[in-house]
1. Could you list the residues of the stretch 93-128 with an amide nitrogen less than 11 Å from a label point located 7 Å from the Cα of residue 2 in the Cα-to-C-beta direction?
2. To test your reading of the geometry: what angle, between 0 and 90 degrees and rounded to tens, separates the Cα axis of helix 120-139 from the longest principal axis of the chain?
3. Once you sort the root eigenvalues of the Cα gyration tensor of the stretch 34-141 as a ≥ b ≥ c, which label holds: rounded (a/c under 1.5), prolate (a/b larger than b/c) or oblate (the other case)?
4. Fully extended, how many nm does the chain gain between residue 72 and residue 104 (0.36 nm per residue separation, minus their Cα-Cα distance)?
5. For the stretch 2-139, what does the relative contact order come out to in percent, with C-alpha contacts under 8 Å and a separation of six or more?
6. Roughly how big is the chain's charge dipole about its Cα centre, with Cβ charges of +1 (Lys, Arg) and -1 (Asp, Glu), in debye to the nearest 20?
7. Putting +1 on Lys and Arg Cβ atoms and -1 on Asp and Glu Cβ atoms, find which of 73, 52, 42 reaches farthest to the positive end of the dipole of the chain.
8. Under a cut-off of 17 Å between alpha-carbon atoms, report the lysines in cross-link reach of residue 55, not counting same-chain residues fewer than 8 places apart.
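All of the numbers you see were taken from the coordinates with simple rules; none came from a lab. In this text, all values refer to a predicted model and were calculated from it rather than measured experimentally. For neighbour counting, all protein chains shown are included, and Cβ atoms are generated from backbone atoms with ideal geometry for every residue, glycine included.
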Amino acid sequence: MSIVKEHLKIQAPVASVWEVLLDPSFIPQWAKSFGEGIWVDAEWKKGGLVSWKNKAGEIIAKGIVLALERNTLIKVGYFDEAHAHPTSALGDYREEYQLESGQHKTLLTITAGPLPQDTIQQMTGIWKDALNSIKALAENR
């Protein structure tokens, strides 16, 4: 099992990047890197439920917000099963989005995993594509 860790400098204030990450109108635009029509139904607060859905509205991944620090950190732990009850134990997979601010620039770092070794190359490419989409959206706001 391995971890994907990617980062990207974005020429936009941290508040703009934060909005692109969490605003339902922006999420499908960068989440399409993972599949066309993907969107999220989420309660963005610690302990809130996060349900990623396909274009048919079917839940494809579900998790719980483990940490949320405005303009700084989002950490979500995921259930092993997409239809797990919200009180079920979380699986090992986590996604973490870290934002560092500096003079109208933002460093966005994502960490995702653990993932099977044979998927790391593919998932790294997908995450790079998603980060580039986030960058373009934030810089062109």
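1. 115-125
2. So the helix axis and the longest Cα principal axis differ by about 40 degrees.
3. It is prolate, given that a/c is not under 1.5 and a/b is the larger ratio.
4. Taking residue 72 through residue 104 to full extension adds about 10.1 nm, to one decimal.
5. It rounds to 33 percent for the stretch 2-139.
6. Dipole about the Cα centre, nearest 20: 360 debye.
7. Value computed over the given set: 73.
8. By straight Cα distance, residue 55 reaches 32.
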